[in-house]
């Protein structure tokens, strides 16, 4: 075990990374994942298994312990097919953090207090070291909405934003809820919402019909910014959130 800027962590290196070293300036994003596996030990083994061809830079265990699997200046294989704004294949410009959680397939649960405390410390360090814009701390589902749901609707984005470790809207939750399931006034308002999604960073999904692509994007947006209802339907609440996000 060693300390990095006061954070205790253990080196447990994975062979799954690209050999070319990247510059510090190339790191623009932090991508957060859950493991989506039943057993923590199996998840760690997978991230270190050469045949799996997957890895992450950091791993946060159930007890809050942090493993450093890949050095920051090397490209870990965590994002896969992904895009955000004008960036594609985000492995090359991001740091990946995996957090133990069985995920939606195996009994998705709340992240532990110890996990979130360790995550806060790690994010604080990484954001400062690499001068990461808070709008670039993303979930896997943001950058791969048709493939991924992690870290999911139980991930505490709002709490992180209060510590300047993530992005969230500035609207009052109780007032917002009054607009839930209220249909938008016009087609132009819906089009504006979809334009807002693109301005935020979400991209149309290639190979899918427009309506199906839009539904995936809306669900990814809801899973991130309107976590108590994920139905893929655009309502006034979603519209207001999207408008507010673009103000800050």
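For the reader, a short list of remarks on this structure follows.
- Rounded to 10°, Cα long-axis angle of helix 236-245 versus longest principal axis of the chain: 50
- Computed extension gain for residue 191 through residue 133, at 0.36 nm per residue and net of the alpha carbon distance, reaches 18.2 nm.
- Taking Cα atoms only, the orientation of helix 113-130 departs from the longest principal axis of the chain by about 90 degrees.
- Derived from the Cα gyration tensor, the three semi-axes of the equivalent ellipsoid of segment 173-245 are 19, 13, 11 Å, largest first.
- Judged by the mean number of other Cβ atoms found within 10 Å, the most tightly packed of the peptides 136-145, 194-203, 208-217, 70-79 leads the ranking 136-145, 70-79, 194-203, 208-217.
- Compared with the dominant Cα axis of the chain, that is its longest principal axis, helix 187-200 is turned about 20°.
- Average silhouette area of the chain, convex hull of alpha-carbon atoms, in square nanometres: 13.4
- For segment 2-162, the relative contact order comes to 29 percent (Cα pairs under 8 Å, sequence separation of at least 6).
- Tensor-based shape of segment 55-103 (alpha-carbon gyration tensor, a/c under 1.5 rounded, otherwise prolate or oblate): oblate
- Solvent-free Debye scattering, log10 I(q)/I(0), computed from the Cα coordinates of segment 121-202 at q = 0.11, 0.16 Å⁻¹: -0.41, -0.84
Values in this text are rule-based calculations from the coordinates and carry no lab data. Keep in mind that this is a model prediction, so the values were computed, not measured. Positions of Cβ are generated from backbone atoms using ideal geometry, with glycine treated the same way; all protein chains shown enter the neighbour counts.
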